[in-house]
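Here the structure comes first, spelled out in structure tokens, and everything after it is commentary.
The values are calculated or read from the model by the stated rules, or taken from the named source; none is laboratory data. Model, not experiment: these values are computed from the prediction. Note that we place each Cβ from the backbone using ideal geometry, even for glycine, and neighbour counts take in every protein chain shown.
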Amino acid sequence: MPIKVLIIDDSALVRKIFTEELSRDPEIEVVGTAPDPFIGRDKIVQLQPDVVVLDVEMPRMDGLTFLEKLMKHRPMPVIVVSSLAKESSDVALRAIELGATDVMCKPGSSYSVKDMGEQLAEKIKAASQAKRRPRTIAPQGPIRTTAIRTTDKVIAIGASTGGTEAIKQVLTKLPGIMPPIVVVQHMPQHFTKSFADRLNELCALEVKEAEHGEMLRPGKVLLAPGNYHTIVKRSGATYFVEVKEGPLVFHQRPSVEVMFSSVARFVGRNAIGVILTGMGKDGAEGLLEMRQAGAWTIAQDESTSVVFGMPKEAIALGGVSEVLPLDRIAEALVSRLS
């Protein structure tokens, strides 16, 4: 059975573009559209969609207010697609906090219409498989440790659907003295800086959006910027990142695959790789490359993954040294480095 999708957006042109692009995928059926949340509410009851694609700026009721009401009375997978995110990237984080499965920019912001169609289709498929989980995580202080080896070490983390909360849970438990950490989370341009800033407020580590040529150093986490691939390289005894354009890899930019492969090549056995919740295969082959190069690799387990796609693919390929529930990954990293 195809995934039934309802599109709620005040723009007739956007509704038309989304319907045409999504209809190219045989696994997706657009069962209806609505120009505002009030009509959208009625169509949800009438059409029983599997996934809702929701705009933010609309007449009569904004998308975030509707999302909050929807999650309270009829929780279901919702993908927020908005141009507002470009001007106010906090919208994206607020949408995820309210229960949105994923967020992305409208065409003309970060992607061409074709790229947008492919990415939106992938996000819809992920959303249809996502497990509902409490969004709030009990705050925990960083793990106490006496000694961590940081010399020549690099930690690489990749995630997609459900990854914002998973990454937050891992990073907030890590002490301020850790090897350099590079993170790829599938997020659009303009969203990643706000996400990095939010993590920086919560973590003992310094967290920031990666910049081209930036050096990796202990105690710092670099988050790949949306719509750019982030590659780890080495110059002498120093690691740094390249932030660059390039084709989508597994429908993604930034791609976990691209980052993991670079870590395998330039860091090798001094690396630790972590693949978290997410849809698809992005990062699975790269994690295998890391393990073959001598790195220790970890995958989040199925029971704690919102979507057990990326970890499952990495495990199936033989790229994973150990499989752990989310709440044990930070401790495993510290233990491995102590």
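Select from the stretch 15-48 the residues that are among the aliphatic types (A, V, I, L, M) and surrounded by 20 or more Cβ atoms within 10 Å (Cβ to Cβ) and write down the one among them that is nearest to Asp90 (Cα to Cα).
Here the answer is Ala34.
Cβ-Cβ under 8 Å, sequence separation 6+ or interchain: first residue in the stretch 262-288 and over 18 Å from Pro218 (Cα atoms), partner of a type in the set (D, E, K, R) and modelled with pLDDT under 95. Which pairs?
Pairs found: Met279/Glu122; Met279/Lys123; Met279/Lys125; Gly280/Glu122.
Give me the residue from the stretch 28-60 that is among the acidic types (Asp, Glu) and modelled with pLDDT under 95 and, out of that set, nearest to the chain's Cα centre (by Cα).
Out of the qualifying residues, it is Asp55.
Evaluate the following for Val51: is it assigned by TED's automatic domain parsing to the domain that holds Val103, over 14 Å from Gly117 (Cα atoms) and surrounded by fewer than 19 Cβ atoms within 10 Å (Cβ to Cβ)?
no
In the list Val184, Val207, Val170, which residue meets the criterion of being of a type in the set (Val, Ile, Thr) and under 23 Å from Val78 (Cα atoms)?
Going through Val184, Val207, Val170 in turn, the sole match is Val184.
Among the acidic types (Asp, Glu) and buried (at least 23 other Cβ atoms within 10 Å of the Cβ) - does that describe any residue in the stretch 274-289?
For the stretch 274-289, residues among the acidic types (Asp, Glu) and buried (at least 23 other Cβ atoms within 10 Å of the Cβ): present.
Report yes if some residue within the stretch 295-303 is under 18 Å from the mean Cα position of the chain (by Cα), among the acidic types (Asp, Glu), assigned by TED's automatic domain parsing to the domain that holds Ile167 and surrounded by fewer than 22 Cβ atoms within 10 Å (Cβ to Cβ); otherwise report no.
So far as the stretch 295-303 goes, yes, one or more of its residues are under 18 Å from the mean Cα position of the chain (by Cα), among the acidic types (Asp, Glu), assigned by TED's automatic domain parsing to the domain that holds Ile167 and surrounded by fewer than 22 Cβ atoms within 10 Å (Cβ to Cβ).
Of all residues in the stretch 241-287, count the ones that are closer than 17 Å to Ala210 by Cβ and of a type in the set (Phe, Trp, Tyr).
Going through the stretch 241-287 one residue at a time, the tally reaches 2.
Which of the numbered conditions does Gly268 fail, given that it passes all the others? Conditions: (1) under 28 Å from Lys125 (Cβ atoms); (2) surrounded by fewer than 18 Cβ atoms within 10 Å (Cβ to Cβ).
(1)
Which ones in the stretch 187-237 are of a type in the set (S, T, N, Q) and under 25 Å from Thr161 (Cα atoms)?
Result: Gln189, Thr192, Ser194, Asn200, Asn227, Thr230.
Within the stretch 330-338, can one find any residue that is in contact with a helix residue (DSSP H, G or I) (Cβ under 9 Å, 6 or more places away or on another chain) and more than 22 Å from Met178 (Cβ to Cβ)?
For the stretch 330-338, residues in contact with a helix residue (DSSP H, G or I) (Cβ under 9 Å, 6 or more places away or on another chain) and more than 22 Å from Met178 (Cβ to Cβ): absent.
It is to be established whether one or more residues within the stretch 172-181 are of a type in the set (Lys, Arg) and outside any loop (DSSP other than H, G, I, E, B).
There is no residue in the stretch 172-181 that is of a type in the set (Lys, Arg) and outside any loop (DSSP other than H, G, I, E, B).
Filter the stretch 207-219 down to the residues that are touching a residue at least 24 places away in the same chain (Cβ under 8 Å), among the acidic types (Asp, Glu) and either surrounded by 15 or more Cβ atoms within 10 Å (Cβ to Cβ) or part of a helix (DSSP H, G or I) (or both) and list them by number.
Of everything in the stretch 207-219, just one residue is touching a residue at least 24 places away in the same chain (Cβ under 8 Å), among the acidic types (Asp, Glu) and either surrounded by 15 or more Cβ atoms within 10 Å (Cβ to Cβ) or part of a helix (DSSP H, G or I) (or both), namely Glu214.
Residue by residue, here is whether (1) within 21 Å of the chain's Cα centre (by Cα); (2) at pLDDT 95 or above; (3) buried (at least 22 other Cβ atoms within 10 Å of the Cβ) holds:
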| residue | (1), (2), (3) |
| --- | --- |
| Leu13 | no, no, no |
| Leu64 | yes, no, no |
| Ala85 | yes, no, yes |
| Ser89 | yes, no, yes |
